[in-house]
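Just so it is clear, none of the values below were taken in a lab; they were calculated from the coordinates. What you see is a predicted model, and the numbers here were worked out from it, not measured in a lab. Quick reminder, even Gly has a Cβ in these numbers, built from the backbone with ideal geometry, and neighbours come from all protein chains shown.
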Amino acid sequence: MLKVGAGCVCSSHVKAVYLLIRTKQGQSSQQRIHTMLQSKLFDRLRDETPDFHRKIIPVSSELTQPGLALSDEDVQTLTQHVHIIFHCAATIRFDEPLKHALQLNVIATHQLLSLAQQMQQLHAFIHISTAYANCNRRHIDEVIYPPPVEPSKLIHSLEWMDDAIVRDITPKLIGDWPNTYTYTKALAECVVQQESGNLNVGIIRPSIVGASWQEPFPGWIDNFNGPSGVFIAAGKGILRTMRASNDAVADLIPVDVVINLTLAAGWYTAVHRPKSALVYNCTTGGINPFHWGEIEHHVMSTFKRNPLEQAFRRPNANITSNYLINQYWILVSHKFPALLYDLFLRLSGQKPQMMRIFNRLHKAIGLLEYFSSQDWEWNSDNMNMLMNQLSTEDRKMFNFDVRQLNWPEYIENYCIGTKKYVLNEDMADIPAARQHLRKLRNIRYTFNTVLLVFIWRVFIARSQMARNIWYFVVSLCFKFLSYFRASSTLTN
Ligand SMILES: CCCCCCCCCCCCCCCCCC(=O)SCCNC(=O)CCNC(=O)[C@H](O)C(C)(C)COP(=O)(O)OP(=O)(O)OC[C@H]1O[C@@H](n2cnc3c(N)ncnc32)[C@H](O)[C@@H]1OP(=O)(O)O
Ligand SMILES: NC(=O)C1=CN([C@@H]2O[C@H](COP(=O)(O)OP(=O)(O)OC[C@H]3O[C@@H](n4cnc5c(N)ncnc54)[C@H](OP(=O)(O)O)[C@@H]3O)[C@@H](O)[C@H]2O)C=CC1
């Protein structure tokens, strides 16, 4: 969590930001941070404070290992110097096996709290949860709800079970939670409450985190998670139908709002030391609601004006809450074109791939539909309280006032952000992308005409009446043509 701007990382008051980060794909923690800081995201900060990177200190850590795999030396440094912890590491996969999700989201949180207890100068522990941790309820207050099961008991009972048994009993265990992610995030909140002792704790619950609204620039996004993958698939003309309710609130929250609120909560927790953990529902629905139907409209409109490169078909996605209608369009608009395209690839000696892409897409949207088909109500009193606690200057610098969010503009920037920063497409190539869409439109017209003529030919071969209508129409056309030719010869 780095606040990119004059206020935080580059502030002379912040001596260091220790970033717990694992090694990945052969890259050490240092190399990963180095690569990360090269990102365009940090351009502004680099301009303002060129040597800001000196304050960011990578600490090699792995959530699956005992003691978070921290070296003794690192433990000593952290326990002596850290003032505020922001704990956001987690698995966010919806299909994570329960044991693994439990390890990453619950046990690792417990371990970090144990480390926090040893920190001599710690003023605040901020835990990032999710607004959907309690998605089994319709109305969600800013409180920690009793857990579905005592986390320590679950951890102990799963310890001796092999993965196959755990997989079999997972649906029974998670009950009315839709996946292991939200379930383990609910347990993690409970662990934070139980294990925090005398620590000053804040819990942030963002809803669906989307591209940046303002900072460091509008539209920053760098992954396929949540709606981003759906927007891209729709923009590429692959996704044509999805189950979602037009009238359900789309509780997106820009990433910079989440970060600003998290930093402000860190300050409030450290300074005001609330007696018990304060929970902040970081959501937009109750304050400035926007609906999935409106999102669909603005996503489609943006991608028609700013097309993605090499689209599979012209963007035209529709959402429906009706299961059967959705299945029909999946068959007609997803599977049938995929089969045709794969046939074309086979015939031209290439490897078929479209059906595989659609199968992955169906798996992904199948997991997201739970969240796009219903509404939740989140109380956001603590978010409002926090805003009122900030000075006018801080309220501007750490802006999380979502009443000012202009949704159509935000969605447009979001879609363009997926094009620029996720797909790395150049805006200068938009004319070529438009040309490609025109080509696709002509292919569609030709295909539809050929199909219509074919169906009609089959039909008139079987019905005398259809044949009579056909001959009547053809002779009428001939008569009209000959009349037209004769009258134009006369006028010449
Ligand atoms: C037109 C308008 C429509 C309007 C309606 C829109 C409705 C949208 C609804 C969104 C609701 C979102 C709700 C989220 C609520 C919870 C929020 C949170 O707390 S927590 C946050 C929420 N947490 C999440 O969002 C996590 C959800 N994601 C998952 O759980 C898994 O990725 C998976 C199960 C979907 C696929 O697993 P698996 O098959 O093993 O595949 P891998 O993971 O290995 O990825 C393979 C490749 O696919 C890429 N890619 C990934 N996702 C998508 C996507 N959606 N699509 C496309 N692509 C996607 C991925 O980058 C990778 O690319 P590459 O590296 O190969 O190039
Ligand atoms: N995205 C969203 O819509 C929402 C997210 N949240 C919460 O926000 C937080 C951040 O999520 P988000 O940024 O979206 O997700 P990411 O997957 O991008 O972030 C999760 C982080 O956890 C780290 N991590 C995962 N496994 C391990 C491990 N074994 N050891 C060390 N580090 C690990 C990842 O590191 P690495 O880079 O090495 O993979 C990554 O940096 C999470 O707590 C999530 O629950 C809440 C609501 C919505």
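With each pseudo-label sitting 7 Å past Cα toward Cβ, what's the D375-I92 distance in nm, one decimal?
For D375 paired with I92, the spin-label model returns 2.6 nm.
Can you give me the long-range amide H partners of C282? Hydrogens built in the peptide plane at 1.01 Å from N, cutoff under 5 Å, separation of 5 or more residues or another chain.
Under 5 Å from the amide H of C282: R205, S207.
Please label the shape of the stretch 161-292 as rounded, prolate or oblate, based on the square roots a ≥ b ≥ c of the eigenvalues of the alpha-carbon gyration tensor (a/c under 1.5 means rounded; beyond that, a/b larger than b/c means prolate, else oblate).
Oblate shape, in that a/c is at least 1.5 and b/c is the bigger or equal ratio.
Under 8 Å for C-alpha pairs, at least 6 residues apart: give me the relative contact order for the stretch 132-253, rounded to a whole percent.
With pairs under 8 Å counted, the relative contact order is 26 percent.
For the stretch 73-84, what does the Karplus curve 6.51 cos²θ - 1.76 cosθ + 1.60, with θ = phi - 60°, yield as ³J(HN,Hα) per residue in whole Hz, taken in order and with x for Gly and Pro?
5, 5, 4, 4, 4, 5, 5, 8, 10, 7, 9, 9
Taking the DSSP beta bridges in the chain as the whole, what percent of them are antiparallel, to the nearest 5?
Roughly 5 percent of the DSSP beta bridges within the chain come out antiparallel.
Mind checking which lysines have their C-alpha under 29 Å from K275, skipping anything on the same chain fewer than 8 residues away?
Those lysines meeting the cut-off are K3, K15, K153, K185, K396.
Spelling out what I want: for every residue of the stretch 348-361, take phi, set θ = phi - 60°, compute 6.51 cos²θ - 1.76 cosθ + 1.60 (Karplus), and round to whole Hz; glycine and proline get x.
8, x, 9, 7, x, 9, 5, 5, 5, 4, 5, 4, 5, 4
Residue separation times 0.36 nm, minus the C-alpha to C-alpha distance between H100 and F217: what's the value? Walk me through the numbers on the way to the answer.
Numbers: separation 117, 0.36 × 117 = 42.12 nm, distance 3.55 nm.
Extra length available between H100 and F217 comes to 38.6 nm.
Give the lysines reachable from K335 as a straight Cα distance under 22 Å; neighbours fewer than 8 places away on the same chain don't count.
K236, K351, K363, K439
Using a ≥ b ≥ c from the Cα gyration tensor of the stretch 401-482 (square roots of the eigenvalues), is it rounded, prolate or oblate, where a/c under 1.5 gives rounded and otherwise the larger of a/b and b/c decides, a/b for prolate?
Since a/c reaches 1.5 and a/b is larger than b/c, the shape of the stretch 401-482 is classed as prolate.
Give a quick list of trypsin sites (Lys or Arg not before Pro) in the stretch 266-362 that DSSP marks as loop, anything other than H, G, I, E or B, with at most 11 other Cβ atoms within 10 Å.
K275
If amide hydrogens are placed 1.01 Å from N in the peptide plane, which non-local residues have theirs closer than 5 Å to the one on I57?
When sequence neighbours closer than 5 places are left aside, the close amide H contacts are V17, Y18, L19.
Which Cα, out of F217, V149, M354, lies furthest along the positive dipole direction of the chain (beta carbon charges, K/R +1, D/E -1)?
Highest projection toward the positive end goes to M354.
Suppose the chain between R54 and Q194 were pulled fully straight at 0.36 nm per residue; how much longer would it get relative to their current alpha carbon spacing?
46.8 nm
Taking +1 at the Cβ of each Lys and Arg and -1 at the Cβ of each Asp and Glu, which of G67, S196, M242 sits farthest along the dipole of the chain towards its positive end, judged by Cα position relative to the Cα centre?
Positive-most Cα among the choices belongs to M242.
Based on the mean of other Cβ atoms within 10 Å per residue, sort peptides 286-294, 391-399, 105-113 so the most packed one is first.
Highest mean packing first, the order is 105-113, 286-294, 391-399.
So for the chain, averaging the separation of alpha carbon pairs under 8 Å that are six or more residues apart and normalising by length, what relative contact order in percent results?
That works out to 16 percent.
Just from its helices, what would the mean residue ellipticity at 222 nm be for the chain, if runs of 4 or more DSSP H residues each count -39500 (n - 2.57) and the sum is divided by every residue, rounded to the nearest 500 deg cm²/dmol?
-15500 deg cm²/dmol
Treating the Cα atoms of the chain as identical point scatterers in vacuum, please give the log10 of the normalised Debye intensity I(q)/I(0) at q = 0.06, 0.07, 0.13 Å⁻¹, two decimals.
One equal scatterer on each Cα of the chain leads to -0.36, -0.47, -1.38.
Calculate, for K24 and R457, the FRET efficiency according to 1/(1 + (r/R0)^6) with r their C-beta to C-beta distance and R0 60 Å; round to the nearest 0.05.
0.50
Where does helix 255-272 land angle-wise versus the long Cα axis of the chain, in degrees 0 to 90, nearest 10?
20 degrees
I want to make sure I understand the PRE zone here: with the label point 7 angstrom from the Cα of I169 toward its beta carbon, which residues in the stretch 91-118 have backbone N atoms less than 14 Å away?
Hits in the stretch 91-118 for I169 at 14 Å: 98-99.
With only Lys, Arg, Asp and Glu charged, each at its Cβ (+1 for the first two, -1 for the last two), find how big the charge dipole of the chain is about the Cα centre; round to the nearest 20 debye. Mind dumping the intermediate values first?
On the way: 49 positive and 41 negative charges, 598 e Å.
My answer is approximately 2880 debye.
Sort the following peptides by mean Cβ neighbour count (other Cβ atoms within 10 Å, averaged over residues), highest first: 190-199, 320-329.
Result, highest mean Cβ count within 10 Å first: 190-199, 320-329.
Most exposed first by the Cβ proxy, i.e. fewest other Cβ within 10 Å, how do Y421, Y268, Y183 rank?
Taking fewest neighbouring Cβ atoms as first place, the list is Y421, Y268, Y183.
As an exercise, use a Förster radius of 25 Å and the Cβ-Cβ distance of R444 and R467 to find the FRET efficiency, rounded to the nearest 0.05.
Given R0 = 25 Å and the Cβ-Cβ separation, E is 0.30.
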